[in-house]
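See below for the structure under consideration.
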Amino acid sequence: MQQWWQRKFVLGAGLIGAIILMLESVIATFVWPTYKLAKYPLAVLTAPDAMYASGFHGLELVAGLLILLTLVAVWRFSRYEQDKTLSAAMQQLVIVWLATVILQLVWPLNSITEAVLARGVIVRDVVFGGLVIVLIWSLWRVAIASVRREMDSLANGLKLLTILFGLFHVLQFVVPLLGWPLAGFFDVLALDVLAAGFGLMSWYFMRLAD
């Protein structure tokens, strides 16, 4: 009998979640004209004083849980296959992504002003920055484990998208120092390549499902 984690719709849920994340900035641009995609980080969308904050919270939560469902399914697959390397990497990724989803939900910006006005580094920046580093490490571990299973297309795609994810996050903090109002643009790119990584993983394992 087919297990729940072997079903195509479970393994494909992450692809739907990834598309939702990619569409977030597009939706925001249409429903909230004052939102400047290139200038403001995506975190302004869920600040308490932001228009449609609850809606974007809900959107991110749904997308995050769909991706989490697929990650758990892939983790279960790796355990079933008795692949200790992939299983350990996926378990770490599941935990880190769950922490990311929870923190985004319970710890939004205090206000839009925090993102719009120039300010020093706050505790939230440090925590989420650390989370990004651990997320990069986790994705890279999955990519390396995929090489060991000869999943070359998945491994190469994850490696490229993980590198871009890290690069865009670095640029997000560098461009304001140069006086360029492009922090929001690189924040969107970072989220999009992260979503693409999850989408790739979802699509790859969905194809393997019976």
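The values are calculated or read from the model by the stated rules, or taken from the named source; none is laboratory data. Model, not experiment: these values are computed from the prediction. All Cβ positions, even for glycine, are placed from backbone atoms using ideal geometry, and neighbour counts span all protein chains on display. These accessible areas exclude ligands, DNA and RNA; they are computed on the full protein's heavy atoms, side chains included. Shrake-Rupley method; radii C 1.70, N 1.55, O 1.52, S 1.80 Å.
Which one is farthest from residue 182 (Cα to Cα), of the residues in the stretch 79-124 that are without any contact (Cβ under 8 Å) to a residue 24 or more places away in the chain and among the small types (Gly, Ala, Ser)?
87
Looking only at the stretch 112-134, decide whether some residue is buried (at least 20 other Cβ atoms within 10 Å of the Cβ) and either in contact with a Cys (Cβ under 7 Å, 6 or more places away or on another chain) or at pLDDT 95 or above (or both).
no
Could you check how many residues of the stretch 125-152 are in contact (Cβ under 8 Å) with a residue 60 or more places away in the chain and under 22 Å from the mean Cα position of the chain (by Cα)?
2
Using the structure shown, decide if residue 87 is assigned to a helix (DSSP H, G or I) and open to solvent by less than 30 Å² (accessible area, probe 1.4 Å).
Here the answer is yes, as residue 87 does meet what is asked.
Go through the residues of the stretch 150-172 one by one and say whether even a single one is modelled with pLDDT of 90 or more, at negative phi and touching a Ser or Thr at 6+ places or on another chain (Cβ under 6 Å).
Within the stretch 150-172, one or more residues are modelled with pLDDT of 90 or more, at negative phi and touching a Ser or Thr at 6+ places or on another chain (Cβ under 6 Å).
Look through 5, 97 and report the one residue that is part of a helix (DSSP H, G or I), open to solvent by less than 30 Å² (accessible area, probe 1.4 Å) and modelled with pLDDT under 95. Give the derivation first.
Numbers: 97 fails: modelled with pLDDT under 95.
Only one candidate passes the filter, namely 5.
Find the residue count for the stretch 123-174, including only residues that are of a type outside the set (A, V, I, L, M, F, W, C), in a helix (DSSP H, G or I) and within 22 Å of residue 199 (Cβ to Cβ).
The number of residues fulfilling the criteria is 12.
May I ask you to verify whether residue 104 is out of contact with any Pro (no Cβ under 8 Å at 6 or more places or on another chain) and in a loop (DSSP other than H, G, I, E, B)?
On the way: out of contact with any Pro (no Cβ under 8 Å at 6 or more places or on another chain): yes; in a loop (DSSP other than H, G, I, E, B): no.
For residue 104, the condition - out of contact with any Pro (no Cβ under 8 Å at 6 or more places or on another chain) and in a loop (DSSP other than H, G, I, E, B) - is not met.
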